[in-house]
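Notes to accompany the following structure.
The values are calculated or read from the model by the stated rules, or taken from the named source; none is laboratory data. Bear in mind that the values here come from a model prediction, so they are computed numbers and not experimental data. Glycine also receives a Cβ, built like all others from the backbone with ideal geometry; neighbour counts cover every protein chain displayed. Surface accessibility is based on the protein's heavy atoms, side chains included, excluding ligands, DNA and RNA. Shrake-Rupley method; radii C 1.70, N 1.55, O 1.52, S 1.80 Å.
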Amino acid sequence: MSTPSAPTHNTPDGLLALSSIPQRALIRTLLVAHQERTNPAKWVHLLAAEFGGPIGMRMNHLAMLLKEGTPVADALEQTPGILAPSGLMAIRLASETGTLNETYEALISDQGLESESTDSSWRNPRSEFTRVTLGFVFAWFILSFLMIFIMPTFEKMFEEFGLELPAITRSLISVSHRGGEFFFFGIAIFMMLLLGRLLFFGEKRPQRFNPFRWHERFVPPSVNLLSLLAIVVGSGRPIASGLETLSKCHHVPQTRHRLAASCERVERGEDPWTTLANERILTKRESQALSVAGSSDVQAWLLQWLAESRFDKRSIHRHLLTRAVSLASLLLLAGVVAWVCIAVFLVLTSLIGALA
């Protein structure tokens with residue numbers, strides 16, 4: 001786990017970084033326009049021509065809103081799908097805390113381009129599942145061929161010679177009587193996977209991990225929330241106003257309700273960190289650590305560190321789960337292959353022995 005360096009003022013952490021190339025290009029365009037103090041409408045319109053399709057249409061809609069004088073944060077929120085929800089919330093907070101430059105830079109940080117699709121990256125189990133899936137597909141074709149053509153032939157041969165089949169072979173032949181169903185069952189599974197891929201491709205719940213998008217960097221909403229709270233605390237803004245903003249724009253309904261309840265309790269004079277722990281946004285240990293922090297800069301640094309700690313723990317758990325599923329799948333595949341090999345080998349040895 002990487003540990004943030006010394007506390008710095010108004011520095012959002014790298015977990016906010018976006019991995020989508022069109023979104024990163026858009027943020028970089030908005031950053032340059034903000035630094036130049038110009039309306040980004042024309043630049044966003046030119047950027048839309050570089051992408052085209054639905055992405056270009058969304059960017060053109062954004063450019064139109066910006067040209068009409070709509071503030072950047074409002075225009076982005078009025079353009080569905082233009083940015084990841086975490087990015088929208090970060091820009092909304094940054095526009096209210098005066099940290100747009102730092103937030104834009106965090107959104108296009110190099111951490112958003114970390115490779116998570118290579119075999120050497122333990123954070124991404126894609127290669128594990130790919131190898132297992134290819135093994136199952138290959139074995140399924142071979143087994144289907146054996147079930148439909150080979151095993152019925154063995155059964156007829158032994159009936160003609162009046163020989164008794166080994167028990168393990170009889171069990172395999174009993175399954176081969178439904179070989180056609182076995183084949184079409186596999187077809188049905190692949191069709192379901194394809195349908196799931198299409199459905200997940202257009203999914204509208206970014207708070208859920210999508211197993212069909214291994215190449216995209218996924219930071220859970222609970223982790224992003226700590227990063228967003230770090231922006232609020234690091235800017236010196238009252239925590240209650242930051243909670244109010246997040247309770248209005250957070251994309252997870254349950255979290256919105258918890259943030260709204262926390263905001264009400266903080267406004268009544270309750271300790272903000274204890275309140276967030278009671279609402280299960282923070283753990284008790286995290287709340288205690290933040291309560292004893294000496295300044296807002298230290299609290300912001302600590303929130304960043306806690307976000308990275310949560311992210312690393314979730315990555316490790318996902319990695320272990322992936323390895324467990326992969327190992328179980330390989331053992332299942334090995335068991336089926338061993339069953340078929342032994343059954344066929346015993347048939348051949350029995351037949352050779354009888355003919356000898």
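Of all residues being in contact with a Phe, Trp or Tyr (Cβ under 9 Å, 6 or more places away or on another chain), open to solvent by less than 80 Å² (accessible area, probe 1.4 Å) and not β-branched (Val, Ile, Thr) in segment 128-171, which is modelled with the lowest pLDDT? Just the residue, please. For segment 128-171, the residue satisfying everything is Phe129. Checking each residue in segment 251-263 for being out of contact with any helix residue (DSSP H, G or I) (no Cβ under 7 Å at 6 or more places or on another chain) and either crowded, with 22+ Cβ neighbours inside 10 Å or modelled with pLDDT of 90 or more (or both) picks out His257, Arg258, Ala261. Does segment 211-247 hold any residues that are farther than 20 Å from Leu290 by Cα and modelled with pLDDT of 85 or more, and which are they? Of everything in segment 211-247, those that are farther than 20 Å from Leu290 by Cα and modelled with pLDDT of 85 or more turn out to be Thr245, Ser247.
Screening the candidates Leu15, Leu26 for the property of being at pLDDT below 90, under 22 Å from the mean Cα position of the chain (by Cα) and closer than 16 Å to Ile91 by Cα yields one hit, Leu15.
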